[in-house]
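Each remark here refers to the structure printed beneath this line.
The numbers here are math on the coordinates, done by the rules we state, and not lab data. Just so it is clear, the structure is predicted and the values come from calculations on it, not from any experiment. For neighbour counting, all protein chains shown are included, and Cβ atoms are generated from backbone atoms with ideal geometry for every residue, glycine included.
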Amino acid sequence: MTYRLVHPLHKIEATSKGVDYTVDLDRARKEIVRVSGVVDVTTFDSGNSNRDSHAMEVIDALTFPEARFVSTGILQHGDSITVNGKLTFHGVTKDIQANARTQWSERQLVVAGGFEATLTGFNIERPSLLLIPVEDRLAFTFTVTVVLN
C-alpha cells in the first residue's frame, strides 16, 4: 500500500509492505465477498527517515499505531469492483469507497486500486513546510495478491 501527500514544493510517497489483508472469496462466481486490512502505520517508508519520523508524530502513531479497513459492501461489474467500508485511522472511523480492478487466473487473484481520505477528516492537523500546509487529501493505492490453492 502506498500513500501520496502533496505539498506545493514536492510530492511525498510512502509505501508499506506490512499490510495484512483478509479476503473472502466466492471462487465459483469469481467474486470477492468481504475484505479487510490492517497496517501498522510505522511501516510506511518514504525513503526519508526524518520525514517518516515527523509523519509518525503528526498522526500520533504511539497512540494510534494501526489503520484498519473492513468492507461493508462490494459491487462487482466484470473486472471492476467498488468496495464500500469503514476505515479507522487516528482513532476516527469513516465510510470510504475504494475502486479497483481484479485479475483472476487459476493460481491467483490480483486486486489493484485506490481510495482517498482527508487528514482533517481524521482529526489530523495538516503539517506545514515553510509555513505552507500540505494538501488535505491523501491518495492511497494498493495491490493485493491472493494465492488460490
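Normalised by residue count, segment 1-79 yields a Cα convex hull volume of 134 Å³ per residue. Based on the reciprocal of the average 1/r between different C-alpha atoms, the Kirkwood radius for the chain equals 16.3 Å. Look at where the Cα atoms of segment 19-56 and of segment 101-141 average out, and the two centres are 11 Å apart.
With only the Cα atoms considered, segment 102-145 has a convex hull volume of 77 Å³ per residue. Taking 17 Å as the straight-line reach from the Cα of Lys11, the aspartates and glutamates in range (excluding those fewer than 8 positions away in the same chain) are Asp45, Asp52, Glu116, Glu135, Asp136.
For a Förster distance of 25 Å, can you work out the FRET efficiency between the beta-carbons of Asn50 and Lys94, rounded to the nearest 0.05? Calculated transfer efficiency: 0.30.
Helical content of the chain, expressed as a calculated mean residue ellipticity at 222 nm, amounts to -2000 deg cm²/dmol (DSSP H runs of 4 or more residues, -39,500 (n - 2.57) each, divided by residue number, nearest 500).
Here segment 1-15 is scanned for amide nitrogen atoms under 20 Å from the site 7 Å beyond the Cα of Thr43 along Cα-to-Cβ, giving 1-5, 13-15. Taking packing as the residue-averaged number of other Cβ atoms within 10 angstrom, the listed peptides 121-131, 32-42 run from highest to lowest as 32-42, 121-131.
Principal-axis analysis of the Cα atoms of the chain puts helix 49-58 at an angle of about 90° to the longest axis. Between Ala28, Ala55, Ala14, which gets the highest mean-square fluctuation from a Gaussian network model of the chain, Cα cutoff 10 Å? The residue that fluctuates most here is Ala28.
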